[in-house]
Amino acid sequence: MSDWITLTPRLALDGPIALSVHPERYAELAEHDIAALPAIGRDREQLPLGEMFTVKGGRSTRVRLEGATPHLHSVGAGMLWGELVVDGDLGSYAGAGIRGGTMHVRGTVGDAAGLAMMGGALRIDGDAGDRLGANIPGAAKGMSGGEIIVRGSAGADAGARLRRGLIVVSGDLLRDGGRSMIAGSIVVLGRCGENAGRGNKRGSIVACGGITVPATYRYATTYQPPHVRVTLTYLRRQYGLAIDQALIAASYRRYCGDAGEPGKGEILERVI
């Protein structure tokens, strides 16, 4: 039994590769058995994992993927439990459909990271593309559980149709964040882009660095929300985010909406 299973590229990762990495599958497998598992390579050709990566270690659910590049897609998708650490950048669908466990990307990710995520935690040290934690196109709901933590910025349409869970963006969030969200929370430490929370039913958007509140929301009150203090304190302790006490103790303007689709959603805008 190894502390970690390490995957290192054998060849240049210079073309689209859908890489299947599921730590829970490796718990009872020796090194050579893991190397024999299928992975989808270039042109969707199914190859043994060991042909593309050197595999070291076995019988563990802690996996480290070294030398990752944006040509790798769907890494960690559908993960059930265990721990996956990625050193480098990833392409699209990183951590899509995660049900449990933790995935930590020490780099950036492309579009649709955490798509339709159901549980666990997805940590991204760099930026994320569009549709972070959103719904599969045409699906009635998006992310339904778990936590996504982005230390950089994120693209458009993050948290679309969010059902449950928490999405945190330390940098800025582009347009249409929280579109048609059903419930759950989105916390943005930077600035929220335009049209945030349109079609919001019961979700909460916490805008710490500024936001243009859509005209379909109505002002309710200015106060210090207890749940925001609890959430920000948790994020500082659990993930080491740079959140000072002044931010935790800040007051927020509460807006209710979306009036265009009447519901119980809210936007909390920090008073700066």
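The values are calculated or read from the model by the stated rules, or taken from the named source; none is laboratory data. Just so it is clear, the model here is predicted, and its values are computed rather than measured. Don't worry about glycine lacking a Cβ; one is built from the backbone with ideal geometry, like all the others, and counts go over all protein chains shown.
Summary of values
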quantity: Within region 8-21, considering residues that are buried (at least 19 other Cβ atoms within 10 Å of the Cβ) and out of contact with any Lys or Arg (no Cβ under 7 Å at 6 or more places or on another chain), the one nearest to Gly82 (Cα to Cα); calculated: Val21
quantity: Checklist (1) surrounded by 21 or more Cβ atoms within 10 Å (Cβ to Cβ); (2) farther than 22 Å from Leu19 by Cα applied to Gly114, failing item; calculated: (2)
quantity: Residues located in region 67-79, provided they are surrounded by 19 or more Cβ atoms within 10 Å (Cβ to Cβ) and part of a strand (DSSP E or B); calculated: Ala68, Leu72, His73
quantity: Test result for Gly184, in contact with a Cys (Cβ under 9 Å, 6 or more places away or on another chain) and at pLDDT 95 or above; calculated: no
quantity: Lone qualifier among Ile186, Ile148 - being hydrophobic (A, V, I, L, M, F, W, C) and in contact with a Ser or Thr (Cβ under 9 Å, 6 or more places away or on another chain); calculated: Ile186
quantity: Verdict on Gly82 being more than 25 Å from Gly142 (Cα to Cα), assigned by TED's automatic domain parsing to the domain that holds Ala158, at pLDDT 95 or above and surrounded by 16 or more Cβ atoms within 10 Å (Cβ to Cβ); calculated: no
quantity: Candidates Arg25, Arg64, filtered to the one that is of a type outside the set (Asp, Glu), free of Cβ contacts under 8 Å to residues at least 24 places away in the same chain, within 24 Å of Trp81 (Cβ to Cβ) and not in a loop (DSSP other than H, G, I, E, B); calculated: Arg25
quantity: Every residue from region 37-60 that is at pLDDT 95 or above, of a type outside the set (Lys, Arg) and either at positive phi or assigned to a loop (DSSP other than H, G, I, E, B) (or both); calculated: Gly57, Gly58, Ser60
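The rows are residues; the columns are (1) surrounded by fewer than 13 Cβ atoms within 10 Å (Cβ to Cβ); (2) assigned to a strand (DSSP E or B).
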position: Arg198; (1), (2): no, no
position: Thr216; (1), (2): no, no
position: Thr222; (1), (2): yes, yes
position: His227; (1), (2): yes, no
position: Tyr234; (1), (2): no, no
position: Arg237; (1), (2): yes, no
